[in-house]
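Quick notes on the structure that follows.
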Amino acid sequence: MEWLHDLFKRSPEMALFLSLAVGYWIGKIKFGKFQLGGVAGSLLVAVVVSQVGVQVDAGVKAVLFALFIYAVGFESGPQFFSSLGRQSIKEIVLAVVMAATGLATVIVMAKLCGLDKGLAAGVAAGGLTQSAIIGTAGDAIAKLGLAADETQRLQANVAIGYAVTYVFGSFGAIIVCVNILPKFMGRSIRDDAIAAETAMQAGQAALGPDQQAAAPALVGRIYQLGADTGRTVHDIEFETPDTTITIERVKRAGRFIEVGPELKLQKGDIVLVVGRREAVVASASILGKELYDVESMELTMQRREIVLTNKNLDRKTIGEIRDATNSATRHGVFLVSIARAGKDLPLKPDTVVQVGDMVTIFGAEQDLKRVSARIGEVIVQTNKTDFVYLGAGLVVGLLIGLVSVKLGDIPLTLGSGGGALLSGLLFGWFRARRQTFGALPSSASQLLKDLGLAGFVTVVGLSSGLQAVETIKAHGLTIFGVGVVVTIVPMILTMLVGRYLLRYENVAIFAGALSGSRSANPAFGEVLDKAENAIPTVPFAITYALANVLLTLLGPLIVALA
């Protein structure tokens, strides 16, 4: 193994990427219905690789985690701030229950197994994956008035307990949130994530990647008129004001003719009709026979997203705007959706729009150009990240993480992770209101989340795995076993409270809240991967912020009570 040690010493990044590659491969293997997942797999492989001796700079871990947690906050900022309020009480209670059960479990296990104050605090820090406990417990031990050598011994034991239990603390949380909880609830995270997203989007079906509706709301059909109705294009288009269709092309005797509102249609004309499906289907009876594959009758349609900036439309209903807009302006333009702070509004006549809303319209290019300028600023779709906005957000988050407030003698801080999360939420919320800058394409965001979390966990395994295994060899399995209990028991008890007292029904939301209440970032990453959308993020953000404070406070409490 000496050659491996030398190899990884020369190139520690090789150990990182090797652990990621092998870990994700192992994570795909199914054991019945159980599957580790890439994050847990990477953690286990990293522990194995660490046995040959690998030194990875701690700054790498900090950078990777900051990228992950900022991207998570950025994506969920609009939903997070719109979800704050009385509906957040369940998340607050869940975080308190987790902290209380965690404290009780550590104290009971320390008494039963004869752990000293240092080991008890270390087990809490590792088993609950809250590194800040090391600092608060160390400070509390220093103030006990013990002899210098005893103080040093207890403080060293904090680090030992942490090193032995941290790996399973991360792994066990994944097992509970991703495997045990869905089986306990009897539903899958993915199914409930889709259901929650659909409910959030005012009942519209939430489609996943590479999915589309079998019966889309907007369709195009080609008809050959069966009778000489003598009606104009305008007559047919606005026969039913609430369900308009548009005639985009007309072919007569093999030649295309210019379409205008006053054009009278004749028997035998071939027309391309576009509109909402129910209106197009209803119009078939008055138009004639439907045709297929008529040469040159196809027309490329577009969707365009526009930020509403026209103050003349602010605080008006959809019905009022429609009535005030003449038919020539409305021709060929269909309203697809209106979103505010990431949440779709119902497309009803009495729905009030505001400046800053995201309006999505559908139609031919020339029609969209005519209407877009009357609404606001068109969002130019791009696959490039705005690194000015991204960098500024991360700097702000890391500055927030440096802020420390003392509660008595206990320093409280969000840390770089909490600061980056808060900054991501704020910058994501602001971006949703001003979408002309600050682009972070979904593919780029997904890369930041995947690489950031998996890389962070891998560095933890590479850095702590060797020490953890050596400590287990020296002290036996007692500390490790206590760490398993401290990891699993509070999560199971909190899960029961959440299900039967707080009445969590949606697995995706519950899994996000549960992982956040334990500040279990690897578990949250796996929950996000299973959900395939951002639904678990809002409850996670609330409980995670509380957990950073509540779990940090456990350090001096354990020192006092153990």
Every pair of residues 6+ apart whose Cβ atoms lie under 7 Å, when the first sits in region 278-294 and is over 11 Å from Q224 (Cα atoms) while the second is open to solvent by 30 Å² or more (accessible area, probe 1.4 Å) and basic (K, R): V280/R221
Index of the failed condition, T385 passing every other in (1) outside any strand (DSSP E or B); (2) more than 26 Å from I69 (Cα to Cα); (3) touching a helix residue (DSSP H, G or I) at 6+ places or on another chain (Cβ under 7 Å); (4) not charged (D, E, K, R): (2)
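Quick one: in region 526-538, which of the residues that are open to solvent by 10 Å² or more (accessible area, probe 1.4 Å) and part of a helix (DSSP H, G or I) is nearest to A99 (Cα to Cα)?
As a first pass, look at region 526-538 and keep what is open to solvent by 10 Å² or more (accessible area, probe 1.4 Å): 528-530, 532-535, 538.
Add one more test, that the residue is part of a helix (DSSP H, G or I), and what stays is 528-530, 538.
On the way: L528: 23, D529: 26, K530: 26, V538: 20 Å.
The selected residue is V538.
Across region 133-165, what is the total count of residues that are outside any helix (DSSP H, G or I) and of a type in the set (A, V, I, L, M, F, W, C)?
Looking only at region 133-165, we keep the residues that are outside any helix (DSSP H, G or I), and these are 143-147.
Of the ones still in play, those that are also of a type in the set (A, V, I, L, M, F, W, C) are 144, 146-147.
Looking only at that region, the number is 3.
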Residue within region 542-552 that is modelled with pLDDT of 85 or more and more than 20 Å from M109 (Cα to Cα) present: yes
Contacts under 7 angstrom Cβ, first residue in region 54-70 being within 12 Å of G397 (Cβ to Cβ) and of a type outside the set (D, E), partner part of a loop (DSSP other than H, G, I, E, B) and open to solvent by 30 Å² or more (accessible area, probe 1.4 Å), 6 or more apart: none
Any pair with Cβ under 6 angstrom, 6 or more apart, that starts in region 155-181 at a residue that is over 16 Å from I134 (Cα atoms) and ends at one that is modelled with pLDDT of 80 or more and among the charged types (D, E, K, R): A173/R518; I174/E526; V178/E526
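Taking the conditions exactly as written (surrounded by fewer than 18 Cβ atoms within 10 Å (Cβ to Cβ), in contact (Cβ under 8 Å) with a residue 24 or more places away in the chain and within 16 Å of L313 (Cα to Cα)), does G356 satisfy them or not?
Details: surrounded by fewer than 18 Cβ atoms within 10 Å (Cβ to Cβ): yes; in contact (Cβ under 8 Å) with a residue 24 or more places away in the chain: yes; within 16 Å of L313 (Cα to Cα): yes.
Yes: the conditions hold for G356.
Right, L398: modelled with pLDDT of 85 or more and of a type outside the set (D, E) or not? Before you say what the answer is, go through the steps one by one.
Values: modelled with pLDDT of 85 or more: yes; of a type outside the set (D, E): yes.
When the stated conditions are applied, L398 passes them.
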Filtered residue count, region 545-561, keeping only those that are open to solvent by 10 Å² or more (accessible area, probe 1.4 Å) and assigned to a helix (DSSP H, G or I): 9
Answer from T317, T309, T329 - the residue that is loosely packed, with under 14 Cβ neighbours inside 10 Å and among the polar types (S, T, N, Q): T329
Residue list for region 14-54, filter: modelled with pLDDT under 80, open to solvent by 70 Å² or more (accessible area, probe 1.4 Å) and in a loop (DSSP other than H, G, I, E, B): K33
Residues that are open to solvent by 50 Å² or more (accessible area, probe 1.4 Å) and either modelled with pLDDT of 85 or more or among the aliphatic types (A, V, I, L, M) (or both), drawn from region 334-348: L347
Residue satisfying condition, being open to solvent by less than 20 Å² (accessible area, probe 1.4 Å), more than 23 Å from the chain's Cα centre (by Cα) and touching a residue at least 40 places away in the same chain (Cβ under 8 Å), within set T494, T458, T478, T487: T487
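Yes or no, residue by residue, for (1) over 23 Å from P349 (Cβ atoms); (2) open to solvent by less than 70 Å² (accessible area, probe 1.4 Å); (3) at pLDDT 60 or above:
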{"residue": "A199", "(1), (2), (3)": "no, no, yes"}
{"residue": "A202", "(1), (2), (3)": "no, yes, no"}
{"residue": "A206", "(1), (2), (3)": "yes, yes, no"}
{"residue": "A213", "(1), (2), (3)": "yes, yes, yes"}
{"residue": "P216", "(1), (2), (3)": "no, yes, yes"}
{"residue": "V219", "(1), (2), (3)": "no, yes, yes"}
{"residue": "Y223", "(1), (2), (3)": "yes, yes, yes"}
{"residue": "A227", "(1), (2), (3)": "yes, yes, yes"}
{"residue": "D242", "(1), (2), (3)": "no, no, no"}
Evaluation of Q354 against (1) part of a strand (DSSP E or B); (2) over 24 Å from the mean Cα position of the chain (by Cα) (one fails), failing number: (1)
Of residues in region 419-455 being hydroxyl-bearing (S, T, Y) and open to solvent by less than 20 Å² (accessible area, probe 1.4 Å), the one farthest from P78 (Cα to Cα): S445
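The values are calculated or read from the model by the stated rules, or taken from the named source; none is laboratory data. A quick note: this is a predicted structure, and the numbers were derived from the prediction, not measured. Note that we place each Cβ from the backbone using ideal geometry, even for glycine, and neighbour counts take in every protein chain shown. Heads up: the accessible areas ignore ligands, DNA and RNA and are worked out on the full protein's heavy atoms, side chains in. Shrake-Rupley method; radii C 1.70, N 1.55, O 1.52, S 1.80 Å.
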